Amino acid sequence: MQSTHLFVDNAMIARKEGGIVRRTHACRKLSEPVISGLETWQAPSDDERVYLYGTVLPAEDGDGLRMWYMRWPDRVLYAESADGVDWRRPELLPIRLHNPSVIDDPMDPDPARRYKMLGVSRSPESRGYCVAHSADGLNWQYYPKNPVLDGGDTCSFARDPVTGDYLAFHKRYGIHRGQRRRLVYLSSSPDMQDWSDYELVMAPDAADDAQTEAEGGLFSQFYHMSAIPYRGMWLGFVTHFRHTGPPVEKGPEQSKDDGPIDVQLVYSRDGRSWSRCEDRSPVIPNGPHQYDAGCILGVGNGPIASADEVQLYYTGITTTHGGYMPKKKITIARAAWRLDGWVSLDTGEVPGTVETTPVRVEGQGLTVNVDAGKGELRAEILDSSGVPVPGYRIADCQPLADDGLRQPVLWETRSTLPSVGSVSIRFEFSNASLYSFSMV
């Protein structure tokens with residue numbers, strides 16, 4: 001058994017001292033988007049815009065990836081890839097929904113409902129947020145009761161691993177801090193059919209507006225939020241729309257609202273109450289490549305983790321939100337971080353100390369995801385009274401001075417953790433970035 005703990009928030013931190021700052025890390029990008037232009041089966045006159053508010057999941061057999069995405073207007077598409085970069089785009093699915101978001105739900109007792117989809121129907125007969133299910137992710141059937149929520153725009157779908165509830169994070173307009181804005185709301189359901197009244201869960205604050213105003217804009221809006229259960233907590237990827245007013249340059253097929261959009265990280269411990277990171281630097285910034293220099297419109301609802309990195313897929317736009325065709329080119333791109341690499345606790349020359357809250361010993365060894373290539377890190381184990389365990393003191397610890405995802409923490413006479421119920425861990429480090437720790 002392995003348990004990994006992040007330092008995105010303070011939930012695992014009992015105390016910290018010294019020169020420690022929490023830092024958010026921007027992703028790495030490919031030089032080109034992964035999906036753009038026309039599929040081979042499309043007519044040359046068809047619209048080339050493709051969007052991923054949706055989903056990338058591992059294949060059921062673990063061999064490759066599956067993607068559900070959208071081509072304007074409201075056509076659900078499906079693609080497969082062996083490496084996450086080159087995609088085979090074989091199918092236009094027989095279902096029409098805007099912003100389709102999919103989950104794989106293998107615990108459902110009915111195999112016909114293994115895959116579930118949330119999206120927006122713009123049909124006059126069923127206008128609103130609708131749900132569908134599928135045995136294989138290709139052949140879909142609508143649930144008997146649709147639409148399940150009124151309205152209809154961007155959305156992201158998740159299932160709570162603790163309660164089992166289905167969660168629909170979706171965009172609505174509302175008056176907030178004196179302005180009519182795009183905001184993120186949440187509705188939940190135990191069965192995909194009966195959904196709770198929607199509640200506001202993520203909205204811009206005064207600091208967001210101040211940033212937008214400093215850049216020459218009017219106020220901030222949140223265009224979309226993907227909420228992802230990860231490592232015992234929730235991570236949210238919010239698209240921050242820095243609204244500048246109507247477009248100055250006019251053209252065909254453009255929004256009446258202009259401004260750039262990038263992606264910030266937010267977090268939650270229950271999927272319902274959300275908080276902002278101390279460092280609001282974008283985790284998916286605009287550029288440096290042209291394909292997402294203006295907007296990042298939506299982020300997929302699931303990370304793809306490999307041995308050494310984690311990836312998310314998103315919609316990139318060459319222009320700001322109010323750009324027009326054909327200048328506005330919309331494609332799907334990939335963002336990547338080191339494994340668990342969204343946020344770190346950093347120290348410089350001034351050493352820092354972090355002591356965790358009590359954590360149950362699960363596994364025999366302790367590993368850390370840390371970049372200590374220009375410094376060092378040591379750790380000690382504290383008992384339930386906060387006293388260092390003999391043989392596991394800082395003075396006994398062999399210093400770590402490398403950059404690695406799974407560096408084992410060793411002591412002079414100990415290589416395994418003490419056989420006790422719960423312990424706290426005290427890390428001391430300088431000139432290093434600590435991302436996470438694991439008991440393995």
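The values are calculated or read from the model by the stated rules, or taken from the named source; none is laboratory data. Quantities reported herein were computed from a predicted structural model and do not represent experimental measurements. Using ideal geometry, Cβ is built from the backbone for each residue, glycine included, and neighbour counts are taken over all protein chains shown.
So which of Gly152, Gly119 ends up being within 25 Å of the chain's Cα centre (by Cα), within 30 Å of Ser220 (Cβ to Cβ) and at pLDDT below 95?
Gly152
Restricting the search to the range 340-388, which residues are over 19 Å from Ile13 (Cα atoms) and either of a type in the set (A, V, I, L, M, F, W, C) or under 26 Å from the mean Cα position of the chain (by Cα) (or both)? Reasoning before the result, please.
Step one: list which residues in the range 340-388 are over 19 Å from Ile13 (Cα atoms), which gives 348-350, 363-365, 371-376.
Correct list: Val350, Asp371, Ala372.
Contact map, the range 78-94: first residue outside the structural domain of Asp61 (by TED's automatic domain parsing) and assigned to a loop (DSSP other than H, G, I, E, B), second residue among the hydrophobic types (A, V, I, L, M, F, W, C) and surrounded by 14 or more Cβ atoms within 10 Å (Cβ to Cβ), Cβ cut-off under 9 Å, separation 6 or more or different chains; the map is empty. Being aliphatic (A, V, I, L, M) and surrounded by fewer than 19 Cβ atoms within 10 Å (Cβ to Cβ) is the filter here, so list the residues in the range 186-202 that pass it. Correct list: Leu200 only. Return a yes/no flag: does the range 337-359 have any residue that is assigned to a loop (DSSP other than H, G, I, E, B), in contact with a His (Cβ under 9 Å, 6 or more places away or on another chain) and free of Cβ contacts under 8 Å to residues at least 60 places away in the same chain. No.
For the range 321-336, the set of residues classified as within 19 Å of Gly37 (Cα to Cα) and touching a residue at least 40 places away in the same chain (Cβ under 8 Å) consists of Gly323, Tyr324, Met325, Lys327, Lys328, Lys329, Ile330, Thr331, Ile332, Ala333, Arg334, listed by residue number. Figure legend. Inter-residue proximity from the range 429-440: first residues touching a residue at least 60 places away in the same chain (Cβ under 8 Å), second residues of a type in the set (Asp, Glu) and outside any strand (DSSP E or B), beta-carbon distance below 8 Å, spacing 6+ or different chains. Indicated pairs: Tyr435/Asp340; Ser436/Asp340; Met439/Glu362. Screening Val343 on (1) among the aliphatic types (A, V, I, L, M); (2) in contact with a Ser or Thr (Cβ under 6 Å, 6 or more places away or on another chain); (3) more than 30 Å from Leu434 (Cα to Cα) shows it passes everything except condition (3). Does the range 174-185 include one or more residues that are assigned by TED's automatic domain parsing to the domain that holds Thr244, within 21 Å of Val76 (Cα to Cα) and either touching a residue at least 60 places away in the same chain (Cβ under 8 Å) or surrounded by 14 or more Cβ atoms within 10 Å (Cβ to Cβ) (or both)? The answer is no, given that none of the residues of the range 174-185 is assigned by TED's automatic domain parsing to the domain that holds Thr244, within 21 Å of Val76 (Cα to Cα) and either touching a residue at least 60 places away in the same chain (Cβ under 8 Å) or surrounded by 14 or more Cβ atoms within 10 Å (Cβ to Cβ) (or both).
Look at (1) buried (at least 16 other Cβ atoms within 10 Å of the Cβ); (2) closer than 30 Å to Asp61 by Cα; (3) out of contact with any Ser or Thr (no Cβ under 9 Å at 6 or more places or on another chain) and you find that Gly164 fails only one, number (1). Residues in the range 367-385 that are in contact (Cβ under 8 Å) with a residue 24 or more places away in the chain and either assigned to a loop (DSSP other than H, G, I, E, B) or in contact with a Ser or Thr (Cβ under 6 Å, 6 or more places away or on another chain) (or both): 10 in all.
For Leu138, the conditions (1) of a type in the set (A, V, I, L, M); (2) touching a Lys or Arg at 6+ places or on another chain (Cβ under 8 Å); (3) surrounded by fewer than 21 Cβ atoms within 10 Å (Cβ to Cβ) all hold with the exception of (2).
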